[in-house]
Amino acid sequence: METIHKVYFRDSSEMCELESDSVNLMVTSPPYPMIEMWDSLFSSLNVEIKEALEAVDGKTAFNLMHEELNKVWNEVSRVLKPSGIACVNIGDATRRIGKNFQLFPNHVKISNFFLNNDFIELPCILWRKPTNSPNKFLGSGMLPPNAYVTLEHEYILIFRKGDFKRELIPKSENRYNSAFFWEERNKWFSDVWEDIKGTSQNLNKSNNNKKKLRERSAAFPLELPYRLINMFSIYEDIVLDPFWGTGTTSLAAMISTRNSIGYEINSEFMEIFKRNLRKLKQLNNDINYIRMSKHLEFIRRYKNGVKDVKYNAIHYKFPVITKQEIDILLYSIKSYSENRNKFILNHEKFKYD
Ligand SMILES: C[S@@+](CC[C@H](N)C(=O)[O-])C[C@H]1O[C@@H](n2cnc3c(N)ncnc32)[C@H](O)[C@@H]1O
């Protein structure tokens, strides 16, 4: 099987390379409005944002920053296929503006945009990432009433473009091969994820050192897009990330045997992507191996609980809990080539011995 991965280093508010209704899934994490590390980026997009921040007018700055993001969401709405899924990883911002410490609820603004633009909102995931920062308790310390709750979660908002249409569900073999294990379903589709550690978007506000490039990118952990891609798309689908950063979504698409497209305004990040790509073949095998081993361990415990397991996976000759899992098939990366920000990967069936 072959997959193709393209990156365009330009603003995703105009994705003119992409046809309307052509993308199966979007997985992304935008710059978070009102988080200081993104002030200069938003200010460069609209001088009124800079002026509002200087005038300590948080509400205006917040609204204008979301207007910038909305231009990209509009394009996403155009290029996504009917019934396609959009997943947005977003955190709210807390900030002192003038005399007030306050919350800027980014997830509310983004939900509002999608709901007002022909999307249906599906139950979201709270991604909990506890912080060990010594300054995590803000406000009046141990004295009421002016202490503030610490934000230790982000959202993964999930939307569907238009109505659910049964006739649009693919009937191909790919869909059945793309199944995940029953116990993975129970974990991945839980509304709170506590097992994925992240990096804070507050990091390295003023650090221009090249070594800190990764931190400046505010990359999300690979596990996050990997899960979402496996939950909401099938083999050979096209996954879009309009805020590509270091290309974590493309890496996750590669190890999930999906195609991918990324848009990014900062071409510096390609260096990190290529570095990660060199390690991807091994990582792909490790992840497959861990998934299979964990499954077998799960089945062993399940059987020890004197429960019967009726089905067998055709490609791997081991038990699975449900009929839907019998065609499950994982792929490994066999080889890859690159030509001008376009990567072509060959995948082969993963053998589990
Ligand atoms: C939170 S980071 C994404 C990090 C990414 N998920 C990763 O794992 O590396 C947001 C990225 O969006 C990029 N960006 C912001 N506005 C953009 C736009 N209009 N078009 C394309 N890229 C944009 C920024 O340069 C930044 O790299």
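The values are calculated or read from the model by the stated rules, or taken from the named source; none is laboratory data. All values reported here derive from a predicted model rather than from experimental measurement. For neighbour counting, all protein chains shown are included, and Cβ atoms are generated from backbone atoms with ideal geometry for every residue, glycine included.
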Original post:
Do the conditions hold for residue 11, that is, is it within 16 Å of the ligand (Cβ to nearest atom), touching a His at 6+ places or on another chain (Cβ under 7 Å) and assigned by TED's automatic domain parsing to the domain that holds residue 198?
Top reply: no
Subject >> Members of region 63-89 that are within 16 Å of the ligand (Cβ to nearest atom), among the hydrophobic types (A, V, I, L, M, F, W, C) and either under 16 Å from residue 121 (Cβ atoms) or touching a helix residue (DSSP H, G or I) at 6+ places or on another chain (Cβ under 9 Å) (or both) >> reply: 64, 65, 69, 73, 76, 86, 87, 88
**OP:** Would you mind listing the helices (runs of 4 or more DSSP H) fully within region 206-278 where at least 2 residues are modelled with pLDDT under 95 and among the aromatic types (Phe, Trp, Tyr)?
**Re:** none
**OP:** Would you point out which residue out of 60, 28 is at pLDDT 95 or above and within 11 Å of the ligand (Cβ to nearest atom)?
**Re:** 28
Subject >> In region 327-349, the residues that are buried (at least 20 other Cβ atoms within 10 Å of the Cβ) and under 18 Å from residue 253 (Cβ atoms) >> reply: 330, 331, 333, 343, 345, 347
Original post:
Looking at region 307-314, is at least one residue of a type in the set (Phe, Trp, Tyr), assigned to a helix (DSSP H, G or I) and surrounded by fewer than 18 Cβ atoms within 10 Å (Cβ to Cβ)?
Top reply: no
**OP:** May I ask you to list the residues in region 113-128 that are surrounded by fewer than 14 Cβ atoms within 10 Å (Cβ to Cβ) and under 16 Å from residue 67 (Cβ atoms)?
**Re:** 116
